Amino acid sequence: MVYLLAKARIFRVIISAILFQFLPLQSVLSQYIFLENGNPLQRGSDVGFLADTPTRKKIDLSGIWTYKVLDGPEGTVRVPSAYDFTGEVTFQRIFEISPDDLNKYQFHLVMLGANYNTTAMINNDFITSHIGGYTSFVASIPSSVLQAGTQNVIKIVTDNKLDPTRTIPLRSQVWGWRNYGGILRDVYILATPKVFISSVATTQSISADFTVARISVSTFIDGSFSTKDDTTINRLQWYAEIVDKQTNLSVAKSNTLPVIFQNKVWTTGPVELTVTGPRLWSPETPDLYIIKTYLVNPATAESVDEYDVNAGIRKIDFANGKIVVNGKKTLLKGMIWMEDHQSFGSSLPYEEMEKDVVMMKSIGANAIRFGHHPPHPYMLSLCDRYGMLALEELPVKNVPASVLSQEYYVELAGAAMREMILRDRNHPSVFAWGLGDDFETWSDASRVYVEQLSKLAKSLDSRPVYYATNSASDLCNDLVDFAAVSLTTRDIKEFKKDLDDLRIANEGKPLVVVRMGAEVQPDNTNGYSDPLSTQAQARYILQHVDIIRASNADGVFLWAFNDWKGDRPALTVNSTDPWMHSLGVVSRGREKRIAFDAARSAFNNDKFSALPIGSNPSSAPILYVVTGLVILIGTAYLYNISRRFREGLNRSMVNAYNFFADVRDQRIVTIFHSTLLGLIVSAATAIVVSSILYRFRGSIALDNLLSYILVSDNLKEDVVKLILNPKLFLPVFTGICFLLLLIISMGLWVVAPIFKVRIYPFHAYAITMWSTPPLLLLIPLGMILYRLMDSPVYILPAVILFMVLLIWVLFRFLKGISIILDTTPLKVYVIGVLSLIGMFAAVYFYLDYTQSGSLYVTFLRNDILTRTH
């Protein structure tokens, strides 16, 4: 036993030394990156949520905070900011409240966005906790918690770790958005009167000739007076007023209604205001009004509280399957905007958000689809002011039906839906509420989620409900108001056919292509013959938008306005950076591409200058043929000049039993020849594996599979870079294969004493290396495999041949073990096969436990099957 432990210790030391040499430092050391915004809070009536009014004050908490990463560094950071790593971070700062304000106001903590799991404390007293990084929340601060002066300490803890089944969004696999952590958006303390207006809801109806608009306003009151016997408590009243935002003139004013306080609840009735000759809001004329609601004390004629919201008077209908805005049929010409920036991550300053909206408007866009989650509320204010219809949706992407149908997940999504709608339902720009994107709509189990979330949305607001899907077998489309489809194929005929089929399947409903785009290599200007060139992206937009117009579809959203960083490294991106998704008409730093001008021409139906055809370099690497030829010639040369190598190779293939017995007894092969054989076989294997991986580098299935298997993002990033660079992959993977053979031989040497047999390292090494000669057949296969796989008919036979050779080698190895350990082959076969099965089972259950791997593999398989039928 001591002997066995000593050898195991030596084995571990050697492996650790090898891994230390090859693993990059950045995969060992965590990086703690903060992308700072730090700008002060925006003031005024256009902030998008909780506008400034005379009766309220805001204590801006932006600026310098201290931070402490759990089990990591500490320092200072400017808030708002986004941290670009996964973990728990505690933020802290002090703030001041004057004695007069402390007695006068009720205070609330307002956070416009903090990701993902957030806990807030003031002066070490718990204030609130919140789940979800993209919806805003408001929490009342008990007056007993606060102190007059500068000794108030606020502590906010955020943790952006996601789970494969229990968070919204789920732990992303590939092609998701970056899961930045931290206090991403504004944070401040809102001071309101003791009794205050907590929210306002508006609905509207417009006469058929658009000359009269009736606005219904409901207000919700909260809070309490400091004394129970205050005679004012049942004398409060409220009213609403509509003010023209452009002229600041009042255009309508309601009667004053009483506010009743009973059973600790404030109740009010709605009021209706009539606007004659309204100026209608539309993308072409984004005219706005301000709806002001007042809580007043008639005894003193003073305003107790004022709550303002921007509003637009518009009518959106679906008539005969078409989108009609204010009586005019409208084609949605939209961009998908990802809340990400090269310098700020998802914590964009106000001026950067406005620049983006101005750029999209200049393209000719009249709509924005927000990239899979609710945006900063200021973006919706910008949409109101610039005239951009907004599609706003939940961060529910690529979710299997078995998760969607769970009660806890429906509740989690419902809470996010409620927060999203209650915050943004008064914005005239919001066109529809989205339930998610690319979840499993081809399963009946998903109907539970779609039905319940649709009902919830309709109970809170009257706008249309949708979800985005790329499935050809949709079983939930009867539960939503219009068809929102994702079509990303480059093939023109296939694109037209898909549009026609979808129009038939959704007859009577508007059909909007909510995702359509082409990825580019940012520096590729080879001309449109190269599908990854910037010219090809421009041509894609021009052609596909024309098809949308001709097909009588009702809208298109280009994927995307800007590049963005993904949450997992992806094989299927072509930007040379596995983390970067380069589908934008502008880069992540907002540099324009030729596609920007192409989108402007397509949206405005203008002519576009001719694009250069250029050339498309061959995608089939000659490297495989050259490398295979070199290895083949080298092997043939070695075979001819070395009698000992030739005889060993012949005998090992013809009579393996006698050969391994002679290796045990006579050492008929040398370490040099064994090493050469191991290197040759490793190189041949590398060519075949590289051919397969490089050939399917565009496969989303392979991309996801690598994410399931390679749990570490740093490891997958390195693997992706190797796959996309065969010149580097071949030597590295050759070394990995040879290292694996070396580890197997050392493992055999370590475990041999269990069988009460002592063997020399040479025997273990020779048995391992000379079990592999069948893999020499991979040399000619690797030379032609990439070309063979151009025809699907050869893919399965090639894979089967590869697996057969591996199984052949395995049983040769087990036979060699039985000979060298002087035991029966059947015993070794049973132990070897069971050990292999056990190892794979352990890996499978580990991945299933940590990443729900089996669930997502099933989801991915079903997704592929539905797309192909």
In 5 Å bins starting at zero, report the fraction of Cα pairs in the stretch 785-866 per bin as a rounded %. 3, 12, 12, 12, 15, 17, 14, 9, 5, 1, 0
Computed FRET value (nearest 0.05) for GLU284 with TYR794, which takes r as the C-beta separation and R₀ as 45 Å: 0.20
Relative to the first principal axis of the alpha-carbon coordinates of the chain, what is the inclination of helix 407-424, with its axis defined by its Cα atoms, in degrees from 0 to 90 and to the nearest 10? 40 degrees
By the C-alpha gyration tensor axes a ≥ b ≥ c (rounded if a/c is under 1.5, else prolate when a/b exceeds b/c, else oblate), the shape of the stretch 140-288 is oblate
Would you mind putting 565-572, 389-396, 724-731 in packing order, based on average other-beta-carbon counts within 10 Å, highest first? 389-396, 565-572, 724-731
Enumerate the amide H contacts of SER346 below 5 Å, restricted to partners 5 or more residues apart or on another chain; note that Pro and chain-start residues carry no placed amide H. HIS341
In terms of the Cα gyration tensor, with a ≥ b ≥ c the square roots of its eigenvalues, is the chain rounded because a/c is under 1.5, prolate because a/b exceeds b/c, or oblate? prolate
For the chain, with the dipole built from +1 on Lys and Arg beta-carbon atoms and -1 on Asp and Glu ones, taken about the Cα centre, which of ALA240, LEU50, SER652 lies farthest toward the positive end? SER652
Give the shape of the stretch 359-512 as rounded, prolate or oblate, defined through the alpha-carbon gyration tensor: a ≥ b ≥ c are the square roots of its eigenvalues, a/c under 1.5 means rounded, and otherwise the shape is prolate if a/b is larger than b/c and oblate if not. oblate
Output the peptides 509-515, 306-312 sorted from most to least packed, where packing is the average of other Cβ atoms within 10 Å over each peptide's residues. 509-515, 306-312
On C-alpha positions alone, give me the angle between the axis of helix 350-363 and the longest principal axis of the chain, in degrees, nearest 10. 80 degrees
Between the stretch 100-149 and the stretch 631-682, how many Å separate their Cα centres? 74 Å
Add +1 for every Lys or Arg and -1 for every Asp or Glu among the other residues with Cβ under 13 Å from the Cβ of PHE729, and state the total. +3
Around MET417: net Lys/Arg minus Asp/Glu count, Cβ-Cβ under 12 Å: -1
Dipole check, the chain, charges on Cβ (K,R +1; D,E -1), about Cα centroid: among ILE700, VAL669, LEU146 the Cα furthest to the positive pole belongs to VAL669
Per residue value of the accessible surface for the stretch 757-839 (all protein chains in place, 1.4 Å probe), Å²: 50 Å²
Using only DSSP helix segments of four residues or longer, with each worth -39500 (n - 2.57), what per-residue ellipticity at 222 nm results for the chain after dividing by its residue count and rounding to 500? -12500 deg cm²/dmol
Taking only protein heavy atoms and a 1.4 Å probe, what accessible area per residue, in Å², does the stretch 59-123 have with all protein chains in place? 39 Å²
Among trypsin sites (Lys or Arg not before Pro) in the stretch 200-295, those in a DSSP loop whose Cβ has at most 11 other Cβ atoms within 10 Å are LYS228, LYS264
Could you check what % of the DSSP bridge pairs in the chain are antiparallel, to the nearest 5? 80 percent
What order, most packed first, do the peptides 117-129, 784-796 have when packing is the mean number of other Cβ atoms within 10 Å of each residue? 117-129, 784-796
From the phi of every residue in the stretch 545-558, what ³J(HN,Hα) in whole Hz does the Karplus formula 6.51 cos²θ - 1.76 cosθ + 1.60 yield, where θ is phi - 60° and glycine or proline is x? 5, 4, 5, 4, 4, 5, 7, 6, 6, 10, x, 8, 10, 6
From the phi of every residue in the stretch 634-643, what ³J(HN,Hα) in whole Hz does the Karplus formula 6.51 cos²θ - 1.76 cosθ + 1.60 yield, where θ is phi - 60° and glycine or proline is x? x, 5, 4, 5, 4, 4, 7, 8, 10, 4
Sequence-distant or interchain residues sharing an amide H contact under 5 Å with ARG178, placed H: which? LYS565, ASP567
Calculate the all-directions average of the projected area of the stretch 41-186's alpha-carbon convex hull, and give it in nm². 9.7 nm²
Accessible-area composition of the chain, carbon plus sulfur, in percent [1.4 Å probe]: 58 percent
Tell me, what HN-Hα J-couplings in whole Hz come from the Karplus equation 6.51 cos²θ - 1.76 cosθ + 1.60 at θ = phi - 60° for each residue of the stretch 138-152, using x for Gly and Pro? 10, 10, 5, 9, x, 4, 5, 7, 8, 10, 6, x, 9, 9, 7
Cα centre as origin, Lys/Arg/Asp/Glu Cβ charges: the stretch 283-339 dipole, Debye: 620 debye
Surface per residue (accessible, 1.4 Å probe) for the stretch 364-417, Å²: 18 Å²
Mind checking the angle between helix 594-603 and the chain's longest principal axis? C-alpha axes, 0 to 90 degrees, to the nearest 10. 50 degrees
Between THR300 and VAL265, what is the spin-label point distance in nm, taking each point 7 Å from the Cα along the Cα→C-beta axis? 2.9 nm
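The values are calculated or read from the model by the stated rules, or taken from the named source; none is laboratory data. Nothing here was measured: the structure is a model prediction, and the numbers come from that model. Quick reminder, even Gly has a Cβ in these numbers, built from the backbone with ideal geometry, and neighbours come from all protein chains shown. Ligands, DNA and RNA are excluded from the accessible area calculation, which covers all protein heavy atoms including side chains. Shrake-Rupley method; radii C 1.70, N 1.55, O 1.52, S 1.80 Å.
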